[in-house]
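Trainee: Below is the structure I would like to discuss, written out as structure tokens.
The values are calculated or read from the model by the stated rules, or taken from the named source; none is laboratory data. Predicted, not measured: the structure shown is a model, and the values here were computed from it. So basically every Cβ, Gly included, is an ideal-geometry build from the backbone, and we count neighbours across all protein chains shown.
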Amino acid sequence: MVMATTTLTAAHTSLASVTLEVADPESARRFYSAFGVDTYIHLRASEARSTGFRGFTLALTVSGPATVDGFVAAAVEAGATVLKPAAKSLWGYSGVVRAPDGTIWKIATSAKKDIGPATREIDEMVLLLGVENVKATRQFYVGRGLTVAKSFGGKYTEFAPGQAGSVKLALYKRRALAKDLGVPADGTGSHRIVLGSTADAFTDPDGFAWETAA
């Protein structure tokens, strides 16, 4: 008699949505509409305690420096605080702002010169999670069914997006991410972000919560 065997594997997961937990959803909705990213995120009311660095940033990749300047200006006009003024760097041109709800946003381009007029178009949005151990957390997500698109050892990992036009997920060393954003790395309490999963709910090794997306 041949015995049947069953192999259990983790459900295939991909990032389906990003929900920011904010104290005042209506005010946050007005800000993100003016900033130009309201179609990429969801908002939820929360008074969860959170101090210091929340351990993540949302990064916009755009076409050129003038577009970076436009997004930074729109954010500031709507109430954001500049953490790093837009400037040239080794990798291109970028600026960092903190939204009124506390979420940190980075706007960047690999182009150091404009080859056309400024637009309000976003080429790509990436959710960067600051983690203690990139390799271990990468392995955790691979075990959940995510596919690695780019990996640079224990420094950075980017996963393949779940669908065209969706937010990409990437991992970066927490302290390196904080340094890049111009903020202290220390922080406690809620991350104030919930990731929507195409599979079941879970929490990753760094405390980032995933829930089954509606």
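Trainee: Going residue by residue through segment 202-209, is there one that turns out to be at pLDDT 95 or above and either farther than 18 Å from LEU15 by Cβ or under 13 Å from the mean Cα position of the chain (by Cα) (or both)?
Mentor: The answer is yes, given that some residue of segment 202-209 is at pLDDT 95 or above and either farther than 18 Å from LEU15 by Cβ or under 13 Å from the mean Cα position of the chain (by Cα) (or both).
Trainee: I need the full set of residues from segment 171-210 which are part of a strand (DSSP E or B), hydrophobic (A, V, I, L, M, F, W, C) and surrounded by fewer than 17 Cβ atoms within 10 Å (Cβ to Cβ), in order please. Steps first, please.
Mentor: Residues of segment 171-210 that are part of a strand (DSSP E or B), as a first pass: 171-173, 187-189, 193-197, 202-203, 209-210.
Cutting the leftovers down to hydrophobic (A, V, I, L, M, F, W, C) gives us 171, 193-195, 202, 209-210.
Matches in segment 171-210: ALA209 only.
Trainee: Right, here's the next one. Mind checking whether some residue in segment 128-140 is more than 19 Å from TYR172 (Cβ to Cβ) and not in a strand (DSSP E or B)?
Mentor: no
Trainee: Next question. From the list THR61, THR67, THR19, exactly one residue is more than 24 Å from ARG174 (Cβ to Cβ), of a type in the set (S, T, N, Q) and buried (at least 18 other Cβ atoms within 10 Å of the Cβ). Which is it?
Mentor: None of the other options fit; the residue is THR67.
Trainee: Can we say PRO100 is part of a loop (DSSP other than H, G, I, E, B) and surrounded by fewer than 19 Cβ atoms within 10 Å (Cβ to Cβ)?
Mentor: Considered against the rule, which asks whether it is part of a loop (DSSP other than H, G, I, E, B) and surrounded by fewer than 19 Cβ atoms within 10 Å (Cβ to Cβ), PRO100 comes out as yes.
Trainee: Between a residue in segment 103-126 that is under 30 Å from SER46 (Cα atoms) and any residue that is of a type in the set (Phe, Trp, Tyr) and assigned to a loop (DSSP other than H, G, I, E, B), which pairs come within a Cβ distance under 6 Å, given they are 6 or more apart or on different chains?
Mentor: MET125/TYR40
Trainee: Looking only at segment 142-151, decide whether some residue is under 13 Å from THR57 (Cβ atoms), part of a strand (DSSP E or B) and either at pLDDT 95 or above or hydroxyl-bearing (Ser, Thr, Tyr) (or both).
Mentor: No, segment 142-151 contains no residue that is under 13 Å from THR57 (Cβ atoms), part of a strand (DSSP E or B) and either at pLDDT 95 or above or hydroxyl-bearing (Ser, Thr, Tyr) (or both).
Trainee: Examine segment 99-116 for a residue that is over 16 Å from LEU181 (Cβ atoms), modelled with pLDDT under 95 and in contact with a strand residue (DSSP E or B) (Cβ under 8 Å, 6 or more places away or on another chain), and state whether such a residue exists.
Mentor: Looking for residues that are over 16 Å from LEU181 (Cβ atoms), modelled with pLDDT under 95 and in contact with a strand residue (DSSP E or B) (Cβ under 8 Å, 6 or more places away or on another chain), one finds at least one in segment 99-116, hence yes.
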